[in-house]
1. Across 10 Å bins from 0, what is the distribution of all Cα-Cα pair distances for region 41-153, in whole percents?
2. Sorting ASP188, ASP20, ASP129 on the 10 Å Cβ count, fewest up front, what's the list?
3. If r is the Cβ-Cβ distance from GLU121 to ALA38 and R0 is 30 Å, what FRET efficiency results, to the nearest 0.05?
4. Provide the gained length on full extension for the span GLU134 to ASN68, in nm with one decimal, where the gain is 0.36 nm per separating residue minus the Cα-Cα distance.
Amino acid sequence: MSTPNIFRRLTQPAAEVSVDVSRELASQEARIAAGLSAFVEVGDALLKIKEAKLYRQTYPSWEAYLQNRWGMSDSQSTRLISASQICREIAGAGVTPPAIESHARELRSVPEGERAKVWAEITTEIPVDELTAEQIAEHVSAKVRKKPKRARHKKPANVKLRGKGWKITIERSTTSVDVVAALQEAIDQYQAKPRRHAA
């Protein structure tokens, strides 16, 4: 700011100074808000460049493009792309998305389709201007932990039956095979086979 502007402000009546300060504050806050949401635009642009391989025109690899053009690492670009996609998903569900990249990033572990609901719950409990990435992480980890884990079924072992002079092996590829029914089917097939009688 130049000296004449400072002098003018000092010599203005208090009411006029107050209006100028309010205008300046609003102007700077608008810039901050635009900067905070800019990560969505940056992430979208990076994704389009990466998917279409537009960087190949002048750079041999994605990593070289990021480093030489933007001074950015691949992991940083991945975070920006991920955060922008999360924000787009939340906005698409009709919920105001996070305005800070680190806030959006903390929602990565929430399953797709549930992020808008989880974000709405978080912002209902804690005002957005007081919210920290750590609080979001705690809420998300509590949500993810509450979900019941699906039972993991091991591939069942083969069923082997042995007797004097015979052996039956039933190989199961799923848990839905009923061993008794499989044995009955094998017996039925055996009994239905035409027999050769010794002459």
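Laboratory data are not the source of any read-out in this text; all were calculated from the coordinates shown. No experiment lies behind these values; they were computed from the predicted model shown. Positions of Cβ are backbone-derived with ideal geometry, glycine not excepted, and every protein chain shown enters the neighbour counts.
1. Taking all Cα pairs of region 41-153, the binned fractions are 13, 38, 26, 18, 5, 0 percent.
2. Fewest to most other Cβ atoms nearby, the residues stand as ASP129, ASP188, ASP20.
3. 0.70
4. Numbers: separation 66, 0.36 × 66 = 23.76 nm, distance 3.23 nm.
Gain on extension, GLU134 to ASN68, equals 20.5 nm.
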